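One structure is given here, and the rest of the page talks about it.
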Amino acid sequence: MFKVIGFIAGYYFLGLFGALLGLFLGSIADRARAYGAGGINPLQNALRQSVFLETMFISMGKLAKADGRVSQDEIEHVELLMQKLGMTPEHRAQAIALFKRGADPAFTIESTYARFMAVCGHTRHLKQVLLVYLIAMATADGDIHPAEESVLADIAHRLGFDQATFSQLIAMVLNQSHFAAGQPATESALEDAYKALGVTKENTDQEIKRAYRKLISQYHPDKLIGQGLPEDMIALASEKAKEIQLAHDLIKQSRNI
């Protein structure tokens, strides 16, 4: 939108040179609007992708070790993630090394998140996508150990989320996972669907639609790639979008909208 306005305004005031300048500046404004200030420079994508994955695997190791031991389920969860990402043997070895670094009791995550925020902190959605993936790992067995929740709360704080937003995200991710295998046929399915979207039965149809669209937008492949999410992780984002879609469909069916 801004690049069209910039082109027209530039041509009107400065001719062809002004049109090109307006188009360039408008494109920058469009990227800032879509991706946030950190997404303005697409040349930073490779760096953001690298930092995102490094932070994620270190954090997964930290979470896995939070309760004192790394369980077989947690190891399998990481193995499955690496398979989904289609990692080469070299990248797999790097990911495992990062996971082990995070699992070291002597390791602290301050510097990891300081770097993440410096590189990715001004880019929309990447912070929330990272936190959602980590919550999904912690809730993979249907519950969160208090020690894991403590680590997640610390990470959420470092990413700039307040306690209320963090608590809502946990409830949303946990209930979204109920739709991973399709719409569940349980008595609590509709209640789970509302929680998955972060809304309640008291919300209006329009409020629910806005919440749904906001969530779906956060997992839009083009937006996430534009912000620096590694392309191999888009499939995971699509899985999350499918869960949200199924939850929304159930709510629509119940309301006949």
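Derivation of every value follows stated rules applied to the coordinates shown; laboratory data play no part. Here the structure is a predicted model, which is why all the values come from computation and not from measurement. FYI the Cβ positions are ideal-geometry reconstructions off the backbone, even for glycines, and counts take in every protein chain you see.
Observations
- Under 5 Å between amide hydrogens, built in the peptide plane, is the criterion, and for residue 123 it picks out 38 among residues at least 5 positions away or on other chains.
- The stretch between residue 118 and residue 80, if pulled fully straight at 0.36 nm per residue, gains 10.8 nm over its current Cα-Cα span.
- Per-pair calculated FRET efficiency, R0 = 35 Å: residue 203 and residue 238 via Cβ, rounded to 0.05: 0.85
- Residue 163 paired with residue 257, simple spin-label distance in nm, labels 7 Å along Cα-to-beta-carbon: 3.2
- Karplus (6.51, -1.76, 1.60) ³J(HN,Hα), θ = phi - 60°, over the stretch 157-170, in Hz, Gly and Pro reported as x: 4, 5, 7, x, 9, 7, 4, 5, 5, 4, 4, 5, 4, 4
- For 80, 174, order by how many other beta-carbon atoms lie within 10 Å, fewest first: 80, 174
- Burial ordering of 246, 126, fewest other beta-carbon atoms within 10 Å first: 246, 126
- Hz values of 3J(HN,Hα) by residue in the stretch 85-100 - Karplus curve (6.51, -1.76, 1.60), Gly and Pro given as x: 7, x, 5, 6, x, 5, 5, 4, 5, 5, 5, 5, 5, 5, 4, 5
- Radius 9 Å from Cβ of residue 176, net charge of other residues (Lys, Arg +1; Asp, Glu -1): 0
- Compared with the alpha-carbon gap, the fully stretched path from residue 69 to residue 181 is longer by 37.4 nm at 0.36 nm per residue.
- Kirkwood Rh in Å, taken over all unlike Cα pairs in the stretch 42-255: 17.8
- Using θ = phi - 60° in the Karplus curve 6.51 cos²θ - 1.76 cosθ + 1.60, the 3J(HN,Hα) couplings for the stretch 176-188 round to 4, 5, 5, 9, 5, 9, x, 6, x, 9, 10, 5, 8 Hz; x is entered for Gly and Pro.
- Applying 0.36 nm per residue to the separation of residue 220 and residue 245 and subtracting their alpha-carbon distance, the gain on full extension is 7.8 nm.
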